[in-house]
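The values are calculated or read from the model by the stated rules, or taken from the named source; none is laboratory data. Just so it is clear, the model here is predicted, and its values are computed rather than measured. Note: ideal-geometry Cβ built from the backbone for every residue, glycine included; neighbour counts use all protein chains shown. Side chains are part of the model used for accessible areas, which takes the heavy atoms of the whole protein and leaves out ligands, DNA and RNA. Shrake-Rupley method; radii C 1.70, N 1.55, O 1.52, S 1.80 Å.
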Amino acid sequence: REAEAIAAFPPEDLPPLATPDDTIYVIFTSGSTGRPKGVDVPNRGVVNLLTWMAQELAMGPADVVPVLASFGFDMSIPELYLALTTGGAVLLTPRMAAADGEALAALLQRHQATMLHATPTTWGLLLDAGFTGAGLKRCIGAEALPRELFLRLMQAAEGTPLYNLYGPTETTVWSTFHRFTSAEERITIGRPIANTQVYILDEQLQPVPVGVPGGIYISGDGVTRGYLGRPDLTAEKFLPHPFLEDGRLYVTGDVGRYLPDGRIEYLQRADHQVKIRGFRIELGEIEAVLAAHPALRESVVVAREDQPGMRSLAAYYVAADPAQTVEPGELRDFLKSRLPDYMIPSGWMQLERLPVSPNGKVDRKALPAPETLVSRSANGNAPSSTVEVRLATIWEEVLNVTSVSLDDDFFSLGGHSLLAVQMMTRAREAFGFDLPLTLLFSAPRLGELARVIQNERGKHPFKTIIPIRKGGNRPPLFCVARPNVNALGFVFLMRHLAPEQPVIGLQAQMEKDGSSWVYDQADYEAKAAEYIQAMREAYPDGPYFLTGYCEGAHIAFEMARMLEAQGLPVAMLAILDAWPVENTVSRTKYKLRGYLREFRKFRKLSLTGKLHFLTRNRFRKQQTQAALDPVAAAAAAKAAEQLRLANEQLRRRYWPGPDFVPTRWGGRLTLFRTDKQLHIRIRDYKMGWGQRALGGVDVIRVEGDHFLMLREPYVVDLAHNMQRVMDEAYARWQAEQGSAASTKRSADGL
């Protein structure tokens, strides 16, 4: 019917509206401290990058490029668009594909990928899985390329192109490249890509001689506009070009040098910034705190990788009194009172003097491997009983440490969630009974955990209160887990909140089959009363800051309502992407929407996939855990499937009837919601909370979806918004307290 109207339009191509200087995307990059910075990237840089890569890699219609990077990481730009701009195909990979070498290798082979653009970590997983990459155009970047990995890559697929790429987000993904032709080559970041210039300069922005280290500065078409809304930071990092009119230089903060053949060798970060388990850490910050210890004359902190994949911090120090031995436990406790746990070194070594290079600076490369990766805490006690010794041995093997004491904390020694799974799995095997992973948060010290294990072979007292982060000078944030799920899910949130912010988890006693809890109002109220009792025993006075995820949000809401009725202050109630039961679609609509979603999935599957679907063999293994421990992976997969089936049955049993009367709270609620909503929910911007919170609802959109918002990297956005809301709520509460005190003083005076 629109044919005539369409025919009336002119046949010529529309004029281009975008110019080379228009913004194509803004992507956020996080520093080691402070808030993330939004990099304003113009069209020119992306077009330049893709055009150069297409020519250098000879891309064409036959190419298939998998997308492994998240959309919050600028490596995704060439992965998404390089093949599309040259007529090829983009392979959208499942979530977590990059964490499972075997699954990723099978995926690449099944879809006949022709190019792989990945980090050294991902390449290491692939090689461990037996994947050679033969026939692929292989690109590697985003991290320093270890010599061991380089040799493995060259040997695995001899004759296949291997590129090392380097570049910060501020210069549009990649700025230099090198194609290796021999395993005997020195590892370099090569030469600039097209329309890009790289300078090695001294502190006066003057070129240094070939072979002399200097700061790496980048100019050319890839240099971005700067940081969105941060003119001060833009002026600091994007300098006027000292050699060209109207040009600009980006200060990378990296140190490198030119080799005689014109290639560039990357040496280190100028500020010694490193990345440990996803955290960007300024080594200088740790050194500055250590320098304040009265027993030390000098100290230095480095990142070491004495075992492949086990990167950790090591501290070297010289005592102020040469005759004195300064215990590492004392220093570690000193740091713990001033720095977050992830910045505490796990390796310690006292030296008579620090090694010095010919230019008079500390020679970090000459530092020896620490004799003791960790020593006992100050006044720490050595393990003595059979259980203590056996558990200490497991810790030492999993964490790659020695001399663990009863007072040592698993997470302070470098432990994290993935190593916790590995350690608890081995502990179950060693002691012969089930040990829930949540136990490690209620008993993170070796002595505490050993006592629990000794307590009638695992019949340990359950704790509703789980301290996720202790200490700090602010009121704690109470995080309510959904029933039958532990509070560990809030660990990622804790890592990106302010270091001085205490975080406490509230969790219910879990049933193994997950079938003991029904979603109705009475159960929400009973669980809320149980949590309030536990919370007030530990923290009798307010103000209370509450947040809950999924069904845990309903309990948090009931807690706020009950605390209000008891006259106790609730400074903040934050709901994480949850909705009240009355905002659930009817049973008929739920079924129809579910069938429609399944049908849409089914239509897109291959023949093999359809057969797989029809046999209901759809349960994916837990990829991240499988990479570390197959036993833990199998157990986690079984538990997750049991929980999924139990929750599905419970959800089908409960829908609010016509006589349902929702409870209401008099305060103001903050709703953190994602854009991608589940099909079970009635569409509503406030997700149904507008009728529940009488004080109003503040809606804040965050990244990710319902299942990923508490996971990296999406949780970063949630944490920064959550911290802002908490700070504002605490300031309001303090102002109200001051006003109330002033009113009381006036009344007393009268």
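The table below gives the values:
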{"item": "Segment residue 203-residue 661, length gained on full extension (0.36 nm per residue, minus Cα span)", "result": "157.9 nm"}
{"item": "Using a Förster distance of 22 Å, the FRET efficiency for residue 338-residue 297 (Cβ separation, nearest 0.05)", "result": "0.70"}
{"item": "Net +/- balance of residues flanking residue 50 in space, Cβ distance below 15 Å, scoring K and R +1, D and E -1", "result": "-3"}
{"item": "Pairwise FRET efficiency - residue 498 versus residue 194, Cβ, R0 = 56 Å, nearest 0.05", "result": "0.85"}
{"item": "Where labels lie 7 Å past Cα in the beta-carbon direction, separation of residue 538 and residue 259 in nm", "result": "5.5"}
{"item": "Relative contact order for the range 39-154, counting Cα pairs under 8 Å that sit 6 or more residues apart, in percent", "result": "22"}
{"item": "Accessible area of the range 1-62 belonging to carbon and sulfur atoms, whole % at 1.4 Å probe", "result": "59"}
{"item": "Stretch gain in nm, segment residue 134-residue 397, where the contour uses 0.36 nm per residue and the Cα spacing is subtracted", "result": "91.2 nm"}
{"item": "Average accessible surface area per residue within the range 1-142, 1.4 Å rolling probe, Å²", "result": "51"}
{"item": "Share of carbon and sulfur in the accessible heavy-atom surface of the range 209-269 [1.4 Å probe, %]", "result": "56"}
{"item": "Segment residue 430-residue 80, extension gain: residue separation times 0.36 nm, minus the distance between their alpha carbons", "result": "121.3 nm"}
{"item": "Neighbour net charge for residue 320 - beta-carbon separation under 12 angstrom, K R +1, D E -1", "result": "-1"}
{"item": "Computed FRET value (nearest 0.05) for residue 473 with residue 26, which takes r as the C-beta separation and R₀ as 45 Å", "result": "0.85"}
{"item": "Label-point separation in nm, residue 230 to residue 160, each point 7 Å along Cα→Cβ", "result": "3.8"}
{"item": "Distance in nm between pseudo-label sites at residue 676 and residue 239 (7 Å out along the Cβ direction from Cα)", "result": "4.3"}
{"item": "Cβ-defined net charge surrounding residue 165, 13 Å radius [Lys, Arg +1; Asp, Glu -1]", "result": "0"}
{"item": "Distance-filtered residues of the range 127-148 - backbone nitrogen under 17 Å, label point 7 angstrom along residue 183 Cα→Cβ", "result": "127-128, 130-135, 146-148"}
